[in-house]
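Read the structure below first, then the notes.
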Amino acid sequence: MVVSQIAAQLYTLRDFTQTHGDIAKTMKRVKEIGYDAVQCSALGPIAPEELKKIVDGEGLEICATHSSYHRMRDEPQAVIDEHQLWGCKHAAIGGLPGEYRTGVEGYIQFAREASAVAKRLAAGGLVFSYHNHSFELEKFGDRTALQILYEDSDPEYFHSEIDTYWIVHGGGDPAEWIQSLKGRASIVHFKDMAMKGSTQIMAEVGEGNLNWPAIISACQQAGTDWYIIEQDVCQRDPFESLAISLSNLKRMGIY
């Protein structure tokens, strides 16, 4: 039996996950589309036990989350307890907290402090990952901010959640970044980029211009566990966008 490596990032469906009832309906639709796993992000208020009941009822796995860095830092045991309840080991943050966006010193400080937070989470069985946008491709001397984050952090505990769209948006090559983070790239955000006139837009996986054979090969070489499909802005119904991405990825041989 082939175990699926594909998950849906629920941030794509954030307009449909703000109440308990909507979360339940959305999980059902995600399963019907063909997904077996989700990354939980931007959900409305719901008790951890209720969320588990919903996903278990639909036969879905929570493979990863986006969680608050400050909560990871200040309430690590609560974060660990929730993830253990869900059977989820990947706890990622959605971006660099604002107080660290002070230039090279801020990136170095975050890399070191977040490594300590990640080590505490690891003691509870969790893997901490950092999700990039494009601003981290700014150069400081001969290094980008993203290089600083990964080179100045502890590679055993500080892992990556490379977002393919944002790497390209910043002028980088996602396949190269994923390969460079071998062993630290367990989860990757699959998001495509297309052109509409002279404007870059987010597109369904396989509907844009990213080099997916190279990206998938890099993931396989790097030991990626989960290919997490996300589309912040959709040109059509976001459920349809998730379905298109899933279908295209399966045609590429990924299940």
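Read-outs: derived from the displayed coordinates by stated rules, not from any lab. Computed from a predicted structure; not experimentally measured. Virtual Cβ from ideal backbone geometry, glycine too; neighbours counted across all protein chains shown.
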>> So in segment 82-105, with the set limited to residues that are touching a residue at least 24 places away in the same chain (Cβ under 8 Å) and assigned to a helix (DSSP H, G or I), which one is farthest from Gly124 (Cα to Cα)?
In response: Val104
> Does Phe110 satisfy the condition of being under 19 Å from Glu156 (Cβ atoms), of a type outside the set (Ser, Thr, Tyr), in a strand (DSSP E or B) and out of contact with any Lys or Arg (no Cβ under 8 Å at 6 or more places or on another chain)?
Replying inline: no
